[in-house]
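> Sharing a structure with you now.
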Amino acid sequence: MCDFKKLIVWQKSHCLAINIYKYTSSFPKEEAFGLISQMRRAALSISSNIAEGSAQESHLQFNRFLIIASGSAAELDCQLLLSKDLGFIDESIYVALQEQITEVRKIIHSFKKKLKPND
C-alpha cells in the first residue's frame with residue numbers, strides 16, 4: 001500500500017484527466033451525454049484505477065488495476081481520434097493529448113513489469 005499521489009504514473013494520468021475535461025468543455029453541447037461523458041469517464045478511470053490499485057494488499061491485485069487503467073487509456077485514445085476526425089479538436093491539441101496518453105500507457109506498462117506478483 002502506498003500514497004498514490006506520490007506515483008508519477010498517477011500524477012501524469014491526473015494531468016491528462018484535467019486536460020481532457022478542459023478540452024471537452026468546448027465540444028458541441030449535444031455531445032454532453034455522448035462523447036464528452038465517455039472521454040471524461042475514461043480519463044478519470046485511468047487515475048482512479050491507479051489510486052484504487054495502490055491501496056491493494058498485493059502487487060498482483062495492484063497489477064489487475066493497472067491493466068484496467070491501461071484499457072481505459074486505450075479507450076480514451078480511440079475516443080480522442082474520433083474527436084479529431086469529427087472536428088471537435090484541432091490537430092495540435094490532438095497530438096498533445098495523444099502524446100500524454102502514450103506516455104501514461106508506457107509508464108503503466110513499465111510499472112507493471114516492476115511489480116513482483118508475490119509481494
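> For K22, list the lysines whose Cα falls under 22 Å from its own Cα; do not include residues on the same chain fewer than 8 positions away.
Within the straight-line cut-off, K22 pairs with K5, K12, K84.
> Distance in nm between label sites at E30 and I18, each 7 Å beyond Cα in the beta-carbon direction?
Here the modelled spin labels are 3.3 nm apart.
> Comparing S48, S72, S26, which has the greatest mean-square fluctuation in the GNM of the chain with Cα pairs linked when under 10 Å apart?
S26
> Between the helical axis of 59-85 and the dominant principal axis of the chain, each derived from Cα atoms, what acute angle in degrees is found, rounded to the nearest 10?
So the inclination is approximately 10 degrees.
> What is the fewest-to-most order of T102, T24 by other Cβ atoms lying within 10 Å of their Cβ?
Numbers: T102 12, T24 22.
Exposure proxy ranking, most exposed first: T102, T24.
> If you don't mind, another one. What order do you get for V104, V95, V9 when you list them from fewest to most C-beta neighbours inside 10 Å?
Numbers: V104 30, V95 12, V9 24.
Listed from fewest to most nearby Cβ atoms, that is V95, V9, V104.
> Between D90 and K5, what is the spin-label point distance in nm, taking each point 7 Å from the Cα along the Cα→C-beta axis?
3.6
> About its Cα centre, how strong a charge dipole does the chain have in debye, to the nearest 20, once Lys and Arg get +1 and Asp and Glu get -1 at the Cβ? If you can, show how the numbers build up before the last one.
Values: 15 positive and 13 negative charges, 92 e Å.
Dipole magnitude for the chain comes out near 440 debye.
> Would you be so kind as to identify which of Y23, L76, I8 lies farthest towards the positive end of the dipole of the chain, taking Lys and Arg as +1 and Asp and Glu as -1 on Cβ and the Cα centre as origin?
Positive-most Cα among the choices belongs to I8.
We did not get these values from a lab; they are worked out from the coordinates using the rules stated. All values reported here derive from a predicted model rather than from experimental measurement. When we count neighbours, we look across all protein chains shown, and the Cβ atoms used for this are built from the backbone with ideal geometry, even at glycine.
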